[in-house]
Each structure stands twice: as structure tokens, then as C-alpha cells.
């Protein structure tokens, strides 16, 4: 677009100032808050008060923090899953379905085999089962991609719906293994107590929604970070993500790398689902379906620029928005919980746009027409 | 004879790019009903001139003339509006479309509603007019290279081109398709079109050309008409005489055969890209493969390095057959490969120098970066690599410094690599860097390694190599016995003229 | 089994198909230019809520539809700016749009939650024609926009395959470099078609609100139809007329569980039946993966890739 003989041009930066890496997300958040404030004002709410409430209920009050951390636990997992795949340009959109399958797999292990295992093995077994189930769910799209070149975007997406219906079927549509045999009310069968972890009370006598699985999620993030930074597998994926032709020259197996990354991604999301069983749910719980943690994980990962440690931060941030938002809805000046979702979307859109400034510089260039 | 204005003419055209004068006061013209070939190696400036003639580039000095009137071309579209079209070496076609759809795509004044039947008729008419067998309904993605080229030519003719510039037209064609192309060219010429061939394959174009103009180093070095074309002289003009004719090499002590290539064949998409390649490289010698770019250099390098699997034949490294062992297996047998594409293949651009140093090593479960880091610091010092530090991403290094990293890794570090394959090691480097690289290769030879040097820079090959092979269309067409090199013979071989 | 019930189901299916067709036509236009916009779900909801709000305050259906289209234009422009001009990752941008759009729609719709739709799109009255057995309710029992949608699909098919701008559009998705070499602006083509696509998506949402929706209630309003529309594009091989077939199939499979339930028939559990459309699409994806099929029927070759011209 040329206006008044001048055109705005993007010029690649030679040196990327370090401070930009922080400034862009921060500015995105600030601008998103401003946009949110506009919508709040337009619908007759007081933005500052709403934000203060949001902050309090999401982050600073006791129940706020604990609820946030509780919601962040599975969100960290889906965020890690997305980051792991997306940094290799593999678009696993199916974290949602892999999460559910992880829940199913974990519940199966918790019901079927946990009883015959010593307690110290029970929980890891459930987690592994969840991981396996999640990996299984992404295996078909991974295979299609490797063998036939089918795009994983649509295939993983479609399987989300199949997974959703599967969960519904297991609880509402059938009377099988996963149903609670003690009641005709449609709910899941509870797992062995040995695989349950109680909520953390943080040295108080209050009941919170934070579970020790939070630490497992954080450990997972650290482990993945270490894996990518130090291991050969992490090295090879880094090379491949940067330059597939270099990977070919070095004799790396592209198909193996891509397929394995997808499988690991699915497994991580599956672990999140299993954590849900170990922590709050204790069974297959369709209630998990409502929250849309899979898609949110992608947003969390994108905002963290696919850095595994940063995912912990962004997951907590987004969880806090949700929690604070839902509290807002119930407050004296009810603001729809949706404001939290609006803010999430706005932050991401802005961060995306802002990313361009990290890599490029704006220049106004005089255009001479021949 | 009255002077008829040339169909298209360049007068005193000069074009500069950073660091090089691509065209230096070049004059060239083509007449109606004529085939005029621009002959030269890669980098001679012929592609630049062709790009100027069709409007892709604008000359810094000089002017263009068409049928007696001066011409200013601001873009290829302007060129087309003046009846000038270039057919590029790498086709710009939409695979999914039919031939007819591809041909009409560029036409500006297409009607809003398209009638497939009418368009097909129009395209068929143009194709038939010039004897180009084409099915307008065929899907382009399913056509052979020769057929796709025909589509590109018909596309140019359909849009009213009178002057066609064909960039390396025979490069992607098998010999029978080359014949078909020439039939087309004769038909076009008979209809009064002007054809400019841009090529290095003298052997192929010598019969079809009415005139041949040779370029070297951005200048026109000579021009001959049909009948005057002395192949020997043309090869000389193409390759140049600045190289010492009297090149004698001290006899070296060479050792055992460390790299052996026998009866290599490589097929890709049904086309044979390497044919019956045989040669050996001994310890303490540099064997150079000369040739113009695009004759199979990369394929040879990648087959020898184990990245590509040949359709037939075998590679033996230090006595071990490595065919089919893959890049890693070949490396373990004792071979090191420096590819011509530094930053897109040899190095991972966003990764640091340290990370790139471990690329071709055996890494184990955890990557040992500590050793790599101390190595990096050592190389930076010894090879005088200019960089802020070992953690700098390699894409921030200049060409010369990136090449030093690459050579440090493949040459210096890999002391166990008795065989070295090096492709175009000094491309794009400044004089100082070139010298440094040549020194490293000399040292490697003195250490008793076997080096295969593949380079499009003939001077480099002649300077460094003990034996010279010439690669043309995937075949070894010249193999000099050793000490004395017949530069003229080499030049002829590079142009495709084999005795 | 009552034949009438099945006919009614089929008729309902055709109706739901309208939303699907409109949304996927929008996605087809966008993707044919090489841009992938995953934000359909968010756009549908935004179209629905903005239409609802305008109709609620003005009572004017046409104004409501117009505003919905406008909203689609604005949202799609944001996506285009991010992906075409700023070359951001198209997948992430589309997902962000889903989240943003969904959130904003819920937010704006909260005050009117549960309120019945203020205006209704009525079926066209064909008089005695709709009493014809079998054909009647199926063909003649719909509103004007459903018929217009079918016409639109045919028109877009014609546009895509038989007009010059359609040819250029198809070329842009497959080989933007070629189009660029002809001096045509790839950027302009992508913007135009992304925005047109967005307008259709939001219109689809508004239509759904007034023709099918009962009241404003997010969960029930579109319920994942946006994602189905994206899968539908693949099923239809990016061809508008095939989108109709796919949409009817999908619509049918979405309706069938309800019918089965109301008729107390249980061949297979409804949840399993509900899986079918997705599994069928997956199967189609596999079939489309042979090289020839991919070449002819597959995605635009450069779908999702930002176009950068090599500067000379």
C-alpha cells in the first residue's frame, strides 16, 4: 500500500534486542486489557473494578491462587504437548481428544490394574497408561502424515470429536466398564484409592482445588526442557525444525523424527488427562469436556513461544484469567465470564502481531514510481 | 545489404551487483528469424544479460533497442507487452491446471467467463502453428520435463512474443527431447521469431545456432556465425586463457586407493542424472571434478557421501563398501563431506557454532557440548574465525567465516576422516578467505588424505587438483592422466564436445 | 418406521446443512487463495450474537444480517492482516480468532441469554407445492436463504472454474510465485477472498440464529459446526458443489441421532452414530492422499504458507 508516495516496509533486523522478548508479551497484555476495558465500558461495567476483582479472584486471594493452580495443572500439560509439536511445525490440534483419551486410559489403569500393584507403582502406572492412550490417539494422524502426507491439522481435529463422543458414550451411552456400578446415575466408576492424591491444603485447614499433580506437571516441563536442551533427541529435533535439509545432510531420519514428535506430543496431553483422574476427578468425568483445555493449550504454547519453562507461566496466567473470570460472573456486578476468554484471545492476537516487531523493523520508505 | 534493425538489441549494457560487475559494456543483438546463442559458463553474465533483455533487471548503463526504437522495460510484464518473453530454466507452471489453463493464465485481457473449449482451441491453434504437439487438456503435473517446456513456450507464443529467450533450455531435457525442442525452434524461426538461447552446452547448440556469442567474466569475448563456428576456439573463449597453459605439477607420492566409485548410475523421476561414473581417489591426492553447474555435481557428491542411494553401482570408502549405509555409515567408514550450500545444508543457520560442530559427530544419548565448546574456541583462534563468540548463530557469520566453521568441523576435527568430499568450497568468498581454504586443502593433502574436489570454478580445480575429471550431463567425459593438463580439452569437454 | 419422520429428518438436515454450506463456502474461498482460517467457529458465534443484538434492539432482520456480515469483514481483515501482511503463523492466528470470537460472543450475549430470537426467518410459502408427498417438505419447505445458498454454491463453483478471476484465484493458492510473476497482486487476492470468506462465515452464524436457533444460548447455538465446516472443505476437495453433498451428509448424520431417539430406535448408541461424520471424513482424507488425487483434488499447494517474493 502506497500512501502519499511513501510505503511502510518491514525490514529484517540484524540484531534482536533481548528486551523485545519481554516487551512484546507485556505490551500485548496491556493492550488486551485496554481492548477488554472498551468492551466492558460499552456494556455498562466498570473496567477498573472488574480488573481488580479479576486480579483478586484469579491470582491474589487464597482460593484464587489455588483454583488457578488447579486449573493450570492440565493446562500445563496440553501447553507442553502443543509446544513440543508446534516448534517442529507439526500442528497437533488434537490435544483435546488426546486429553480425554488420557483420562480414559488413566482411569482404566486405575480401575483394572492399580489394585494389584504396590502403591508406589500405582500412580506412575496410571500416568503411563494415560500417556499411552494419548499417544495412541495421535498415532493414526501421525501414520497418515508419514505414509500418505495427509495434513495432521484436520485429522487430529476430527479425532477430537470422536474422542468427545467416546467419553459421552462411555458414561451416558453405555453401562460398561467405566460406569459406576453402584448407581444408575450416569457417572464414572471411581478408581482405586491408591492412585488418588488428596488436594493440597498449604498448611491451612481449607479445602483447595490444587493437587500434587501440579508438581508433576511442573517437573514434566523441566524434564522436557532438559530433554530438548541436552539430549540427542532434542538436538536432532532442533536441527530438523531449523533446517530439514541440514538434517538430511547429517543423516537424520525425518520420518522418524516427525512421527515420534507427534506421538510424544499426544502422550504429554494424555498425561494431563491421567492427572485429572489422579487429582480432582478420580474417574472418567465428562465435566472435563466443558473447559476446552486442549485448544487453550495451543494458545498457552504460542504465547510462551514454545519454550517449555515459559509454558508454566503462561498456563498459570491463562488459568487465572479463567478462574477470575468465573468469579466475576458471580459477583455483585456480574461480568460475563467470557471476558476472560476475550482477554485470552486478544492477548494472543496481539502477541502474534507483535512478534513481527521482534524480527523486523518498521521503515517508512519513499517510493519512486518509474 | 540494407541494414534491418535488429529485433532486439542491447547496446553497451552494464549491470552491477554488490561486489561484481555482471555485465560490462555488453552489446548483443538478435535478428528476426534467427537463433542467436549466448554461450558461457555460470557466472559469465549471460543470465544477467538475458534478464535485462526481457525486463527482469534494469541496466545501470546502456540501452535497449527494439526494431530500431529505444526501449525501456520496467518489468517482465512490460517486456511481454513488447513481445519479449523469457522461458526460465525452472518452469513456473501450476501443476493442477490443464495445459490450456496454464497457457492462458498470463493473458491480461481474458474474458470474464472462460469457455474451456474455446481456450483449448486457441491453445491448440498456437501449438499446431509451430509444430508443438500438445494436448491442451492434459494436466501439467503429469507431463514430462520436455512437455512442460513446450507448455512454457506455447505460453510465451500465445501472449504474442516475437522474441523468446530460453534459459538453459536443454539442461533438464533428455537427448530425444532436445531433438524435439529443436524441431520447435526451427518452426518458430521459420515464422520469423527471434530466439536467444542462453546455454553452456556448446555441443548441443552449435548446430541450431545462426550466431554464437561467447561471454566470460561479464564481457563479450567473441562472436561467430554459423559455419565459422570452430568448436575449439569457442571452448577457448568460454573457458578463457588466463590459466597457465603450461601447468606442470610436481609428481606426488600417492598412496592407496581410499575412495572408489564404480559404475554409478542414478535415476530420478525416470530421468538418468548420473551415468556410469567411475573413478578412484588415492591418499595424498586431490581429484577435481570440473564442469558447469547443473550437470550432476550435487548428485555425485551426495551419492558418494551416502545421502543418496544410487540406482546402480557402488561406493567404497577405505576399503569398506558404503553403498546404502546412509550418511552416518559412510561417515563412520572415514568420509567427510563439505556441501556447497553452506548455510542451508552444511550448517543449521539458527544454531550456534558449538551446536553445529556436533552435527556430524557420533553424539550418544546426551550431547557433549563441553568438548565442542573448547573445540570451538580453539578453531576460532586457529582459523581466525571472526565471530562474537562460540554461541553465535551461524547465520550471522559472513560467508567466509561460516565456511571456516564448516571446514573446521569436517576437516580439522575429523582427523579420522581419510576421505574428504568438498563441493564448491570457495563460492562467494573474498580473496583472503579463498586462500585460507586452499591452504587447508593443501595441508589435508599433505597429511595423506584423499580429497574429491567438485567445483564449478575451473581455475580452482586446475590450481588444486592433481587429476581433473570433467562432468557433463552426469557423465565423466574427460579424465586427465595426471601431470599435464590439456586445458583446451577440458574446456571442450565442459561444453559437451567430446572426441 | 414412519416415512414422514424420515422425510422430516431429511428436511431438517438440509436446513442445518445451510449453515455448513455457507461456512464452508467461506472457508473454500479463503483457502483457495492460500490462507487457512481456522477461526470459523468464532466467526459463526460472532455473526450470531451481533445479528441477535441488532435484531433485538431494532427488530429489523435485514439490518441484523447486514451488521453480521460487517462483523465478519472486520474479523477477517484482522486475520488477513496478521497472516498475509505480517506473515504470522496462520494456524495460531485462526485458533486465536476462535477463542477471541467465542469469548466475545459469549460476553456480548450474556445480557440476552435465554431470550428467544426476536425475529424469525420464515419458510417460503409455496402453497400447494409443499403438500406434494415426499418431494414437498424436502424441496419446498425451506426459507429463502437456503435456496439462495444453493444458488450461491453454484455461482461460486462457476466463479472458481469458469471465470478468469477464479482461474487466478486457484493459481494463487497453488503457485503464488507464478501469479506474482504476471504482475498480479497476491496480497490483494488473499485479502479479498479471506474477507469475503469471513463475511460468509458470519452470515452463516446469523442465519442459523434466526432460522434454526431457538434462543440465545451459546452452547446450543453452533456446537462445533464451525470445525465441521473446516473438515467439510477437505471432504469437498475445495469444490463448492461438493460442499453441498458433504453438508447434507453431515447434516443428516447430525440429525439422525435425534430422530432415532425420538422414535425410540436404538440400532447403535447415539454417541457412536455421532462419530460417523468425522470418521467418514477421515476416510476421505486417506483416499485423497494418493499423488494423483492430491494433485487434482487436494489442498491448494501453498495453503498456509506466507508468500514472500524473492527481491531482485
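Points worth noting:
- Residue B:197 meets the conditions (1) modelled with pLDDT under 90; (2) outside the structural domain of residue B:478 (by TED's automatic domain parsing) in every case but one. The failed one is (1).
- Here the helices (runs of 4 or more DSSP H) wholly within the range A:256-370 that include at least 1 residues being more than 18 Å from the chain's Cα centre (by Cα) and modelled with pLDDT under 85 are A:308-329, A:338-359.
- Unmet criterion (only one of (1) within 8 Å of chain A (Cβ to nearest Cβ); (2) surrounded by fewer than 24 Cβ atoms within 10 Å (Cβ to Cβ)) for residue C:100: (2)
- Verdict on residue A:112 being at pLDDT below 90, under 30 Å from residue A:244 (Cβ atoms) and surrounded by fewer than 23 Cβ atoms within 10 Å (Cβ to Cβ): no
- Qualifying residues in the range A:38-84 (those that are under 16 Å from residue A:338 (Cα atoms) and more than 14 Å from chain C (Cβ to nearest Cβ)) - the one farthest from the chain's Cα centre (by Cα): A:46
Conditions tested, residue by residue: (1) over 23 Å from the mean Cα position of the chain (by Cα); (2) away from chain A (no Cβ under 11 Å); (3) at pLDDT below 75; (4) buried (at least 17 other Cβ atoms within 10 Å of the Cβ).
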{"site": "C:255", "(1), (2), (3), (4)": "no, yes, no, yes"}
{"site": "C:294", "(1), (2), (3), (4)": "no, no, yes, yes"}
{"site": "C:301", "(1), (2), (3), (4)": "no, yes, no, yes"}
{"site": "C:307", "(1), (2), (3), (4)": "yes, yes, no, yes"}
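- Some residue of the range C:168-177 being modelled with pLDDT of 75 or more, out of contact with any helix residue (DSSP H, G or I) (no Cβ under 8 Å at 6 or more places or on another chain) and surrounded by 19 or more Cβ atoms within 10 Å (Cβ to Cβ): yes
- Residue list for the range B:317-331, restricted to those being crowded, with 18+ Cβ neighbours inside 10 Å and more than 10 Å from chain A (Cβ to nearest Cβ): B:317, B:318, B:322, B:323
This table checks each residue for (1) modelled with pLDDT of 90 or more; (2) outside any strand (DSSP E or B).
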position	(1), (2)
B:213	yes, no
B:224	no, no
B:235	no, yes
B:250	no, yes
B:261	yes, no
B:264	yes, no
B:267	yes, no
B:277	yes, no
B:289	yes, no
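- Count of residues meeting criterion [within 8 Å of chain C (Cβ to nearest Cβ) and under 13 Å from residue A:286 (Cα atoms)] in the range A:150-176: 6
- If the condition is being assigned to a helix (DSSP H, G or I) and at the interface with chain A (Cβ under 7 Å from one of its Cβ atoms), then the range C:82-96 contributes C:82, C:91, C:92, C:93, C:95, C:96.
- Residue C:116 at pLDDT 75 or above and out of contact with any helix residue (DSSP H, G or I) (no Cβ under 9 Å at 6 or more places or on another chain): yes
- Residue in the range B:3-12 that is more than 23 Å from the chain's Cα centre (by Cα) and free of Cβ contacts under 8 Å to residues at least 24 places away in the same chain present: yes
- Scan of the range B:343-369 for residues that are surrounded by 20 or more Cβ atoms within 10 Å (Cβ to Cβ), touching a residue at least 24 places away in the same chain (Cβ under 8 Å) and either more than 7 Å from chain A (Cβ to nearest Cβ) or closer than 13 Å to residue A:234 by Cα (or both), ordered by number: B:351, B:352, B:353, B:354, B:356, B:357, B:359
- Members of the range C:169-195 that are farther than 13 Å from residue C:306 by Cβ and facing another protein chain (nearest Cβ under 7 Å): C:171, C:174, C:175, C:178, C:181, C:182, C:183
- Among the candidates A:179, A:175, A:147, A:87, residue that is assigned by TED's automatic domain parsing to the domain that holds residue A:303, surrounded by fewer than 22 Cβ atoms within 10 Å (Cβ to Cβ) and either touching a residue at least 24 places away in the same chain (Cβ under 8 Å) or on the phi > 0 side of the Ramachandran plot (or both): A:87
- Extreme residue, surrounded by the fewest Cβ atoms within 10 Å (Cβ to Cβ), among residues of the range B:332-341 that are part of a loop (DSSP other than H, G, I, E, B) and within 8 Å of chain A (Cβ to nearest Cβ): B:341
- Qualifying residue in the range B:372-381 (condition: in contact with a helix residue (DSSP H, G or I) (Cβ under 6 Å, 6 or more places away or on another chain), farther than 18 Å from residue B:399 by Cα, within 12 Å of another protein chain (Cβ to nearest Cβ) and surrounded by fewer than 20 Cβ atoms within 10 Å (Cβ to Cβ)): no
- Of all residues in the range B:4-24, exactly one satisfies the criterion of being exposed (fewer than 15 other Cβ atoms within 10 Å of the Cβ) and in contact with a strand residue (DSSP E or B) (Cβ under 6 Å, 6 or more places away or on another chain), namely B:12.
- Number of residues in the range B:382-402 that are free of Cβ contacts under 8 Å to residues at least 12 places away in the same chain and touching a helix residue (DSSP H, G or I) at 6+ places or on another chain (Cβ under 6 Å) equals 0.
- Scanning the range C:21-47 for residues that are in a helix (DSSP H, G or I) and either within 14 Å of chain A (Cβ to nearest Cβ) or closer than 23 Å to residue C:306 by Cβ (or both) yields a count of 14.
- Set A:154, A:195: member being at pLDDT below 90 and either surrounded by fewer than 20 Cβ atoms within 10 Å (Cβ to Cβ) or over 21 Å from the mean Cα position of the chain (by Cα) (or both): A:195
- Taking the criterion of being in contact with a helix residue (DSSP H, G or I) (Cβ under 8 Å, 6 or more places away or on another chain) and farther than 12 Å from residue A:286 by Cβ, the only residue of the range A:180-189 that qualifies is A:189.
The values are calculated or read from the model by the stated rules, or taken from the named source; none is laboratory data. The shown structure was predicted, so the numbers you read here are calculated from the model rather than taken from an experiment. Every residue, glycine among them, receives a Cβ derived from its backbone with ideal geometry; neighbour counts consider all protein chains shown.
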